[in-house]
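Visitor: Would you mind keeping the following structure in view while I ask a few things?
The values are calculated or read from the model by the stated rules, or taken from the named source; none is laboratory data. Computed from a predicted structure; not experimentally measured. Note that we place each Cβ from the backbone using ideal geometry, even for glycine, and neighbour counts take in every protein chain shown. Ligands, DNA and RNA are excluded from the accessible area calculation, which covers all protein heavy atoms including side chains. Shrake-Rupley method; radii C 1.70, N 1.55, O 1.52, S 1.80 Å.
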Amino acid sequence: MIKNIVVLGSTGSIGKNTLEVVRNLKDEFRVVGLSANSRWELLSEQIDEFQPAYIALNNGELVKKLKNRFSNNRLEIITGNNCLKELVLRDEVDIVVSAVVGAVGLPAAIATLQQGKTLALANKESLVMAGHIVMSLAKKDQILPVDSEHSAIFQALQSGRRDEIKRVIITASGGPFYDYPQDKLSDVKPAQALKHPTWQMGQKITIDSATLMNKALEIIEARWLFDLKTEQIDVVIHPQSIIHSMVEFCDGSVIAQMGMPDMKVPIQYALTYPDRKSLSVQHLDLSKIGSLTFKKPDMKKFPALRLGFQAAKEGGTVGVTLNAANEVAVQAFLNGQIKFTEISSSVEKVINNHLFIKNPCLEDILAADSWARQEITKCLL
Ligand code: NAD
Ligand code: MG
C-alpha cells in the first residue's frame, strides 16, 4: 500500500535528499504535504513535481508568492504559528519526515506521535529539548532515526536486543578544525567554519559540527532514543566518516554500520524500515580509502562535547537550555557578532545560570527555551 508522507523543511539539505529518495520510490510513497521557510522557487518546483495537497507556511511573504503562483491549483495553504502541527494532524498522513532545523520541530514531533503516525526524525533538537516527553509518547519503532549515527546504531541493533547493549560508540568527523591550533580557534571566521570536510549540510548543523556541539546534541539524542546511561555512550573521532557509529554488545561483539557518507541511506532506511530497497549511492571501496583512523576526542579544545555529556547525565532542563542558547549563539557567530570559541563558552554560562528542573513538563521546557534565548542574548551584548 502506498504510504502518504509529509516533509517538514523540504527545501533544506535533508528535505531535498528525502524528496530524492521518494522520487525513486514513487510506487511506495506519495508526498501529501510540504513545509519550508525559505527558497520559495525551489518550493514551487517541488509543488509542481510532487503535487502535494497541503503546504504549511508561516512566512507572510512566501504565502503571498505561493498564493499568486498556485491560484488555480487545489493546493491548500496552511498558515500561522501552528501550521506544522496542523499539517501533521491531517488524516491521510502516515509518515512525517521532520527535517526542520531547531526548536520549531518539537510541537510537530509531539503531535505526530500522539496521532500514532510514524516519525522519521532528523530534527534532533526535539529529543534534545524534551527527550523524556517525546519518548514517553513513542511506541516501539514509531520514531525512526534519520541522523546517520543514530541510524547506524539502530541498524547495528538489528543484531541484538537493547538489554544486550554494553555501550554505543558514536563517530564524529571532528569537523574542519580538529587539528587546528587551539590558540587560533578564536579567530576562525564563519566562511572557514562553513566548510565541512565530509558532509554537505545546512548552515546551523555545519557550525555545530565545527564546534562539536552537533556531537553534543547527538549524545543527548542517543541517550533518549536508545534509553542509555551516559556511561554507555562513547565518542570517537573518525575523520573519514565511513563508520557511521557502532554498538558493543555484552559479549564483546562490536557491530559497525559503514558506507560512503550520503544522507540518502539513513533517510531511505527510515522510510522503508524494516525493508531495504536498492539505492544508487557511491560504492564503498575500502582498498581505495586505504585506512580508517580513530582518535580520542579532545574535550578541552572542544568544550561543547563535555556539555553534551553533562546534559545527557543531568537530564531535566539542561538539554533545552543548551539547545536554545546554542541556536542563538550560532546565529550571532554567523552574523559576525561573536568569536567562534564564544559559542560554547557562552552556552556553558547560560547552562550554569539556569534554574534546573528535574522533571519538566512541556510548559517548563518552553519556558526554559525562551529564558535561555533571552539570557544568552544578554550575555552576548
Ligand atoms: P537546512 O537549514 O538545510 O534546512 C532546514 C529546513 O527547515 C529548510 O527547508 C527551512 O526552510 C526549514 N525551516 C527553517 N525554519 C523553519 C520554520 N520556522 N518553520 C518551517 N520550516 C523551517 O537544515 P538541514 O541541514 O537539512 O537540517 C535539518 C535538521 O536535520 C536539523 O535538525 C539537523 O540537525 C538535522 N540533520 C541534518 C543532517 C544533514 O546532513 N544536513 C544530518 C543529520 C541531522
Ligand atoms: Mg549526525
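Visitor: Relative contact order, percent, of the stretch 40-162 when contacts are C-alpha pairs under 8 Å separated by at least 6 residues?
Guide: Once normalised by length, the contact order is 17 percent.
Visitor: Working from the alpha-carbon coordinates of the stretch 192-274, get Rg over Rh, Rh being the Kirkwood radius.
Guide: Taking Rg over the Kirkwood Rh, I get 0.97.
Visitor: I would also like to ask the following. Enter the accessible area per residue of the stretch 3-145 (Å², integer; probe 1.4 Å; all protein chains in place).
Guide: Using a 1.4 Å probe on heavy atoms only, each residue of the stretch 3-145 averages 42 Å².
Visitor: What's the center-to-center distance, using Cα atoms, between the stretch 1-77 and the stretch 250-291 in Å?
Guide: 28
Visitor: Here is a further query. How much mean residue ellipticity at 222 nm does the chain get from its helices, if each DSSP H run of length 4 or more adds -39500 (n - 2.57) and you divide by all residues, to the nearest 500 deg cm²/dmol?
Guide: -13500 deg cm²/dmol
Visitor: Provide the net charge surrounding V6, with neighbours chosen by a C-beta distance below 10 Å and charges set as Lys +1, Arg +1, Asp -1, Glu -1.
Guide: 0
Visitor: Please report the net charge: other residues with Cβ closer than 15 Å to the Cβ of D147, K and R +1, D and E -1.
Guide: Around D147, the charge tally is -1.
Visitor: Using +1 at the Cβ of each Lys and Arg and -1 at the Cβ of each Asp and Glu in the chain, identify which of M1, S280, N73 lies farthest towards the dipole's positive end.
Guide: Result: N73, furthest along the dipole toward the positive end.
Visitor: For a 30 Å ceiling on Cα separation, which of these pairs sit above it: K16/K67; K229/K277; K229/K301?
Guide: K229/K277
Visitor: Restricting to the chain, what percent of DSSP beta bridges are antiparallel, rounded to 5?
Guide: 25
Visitor: Could you check the simple spin-label distance between K195 and D227, using points 7 Å along Cα→Cβ, in nm with one decimal?
Guide: With each label point 7 Å from Cα toward Cβ, the separation is 4.6 nm.
Visitor: On to the next question. Top mean-square fluctuation among D208, D163, D234, Gaussian network model of the chain, C-alpha springs under 10 Å?
Guide: D163
Visitor: Aspartates and glutamates near K215 by alpha-carbon distance under 13 Å, same-chain residues fewer than 8 away left out - which ones?
Guide: Output for K215: E125, D147, E149, D234, D298.
Visitor: Follow-up. Where the only charges are on Cβ atoms (+1 Lys, Arg; -1 Asp, Glu), what is the dipole of the chain about its Cα centre, to the nearest 20 debye?
Guide: Its charge dipole is roughly 340 debye.
Visitor: Let me ask another. Name the most mobile residue of T198, T112, T321, meaning the one with the largest mean-square fluctuation, in a Gaussian network model of the chain with Cα contacts below 10 Å.
Guide: T198
Visitor: Quick one, can you get me the convex hull of the C-alpha atoms of the chain expressed as volume per residue in Å³?
Guide: Looking at the chain, the number lands at 141 Å³ per residue.
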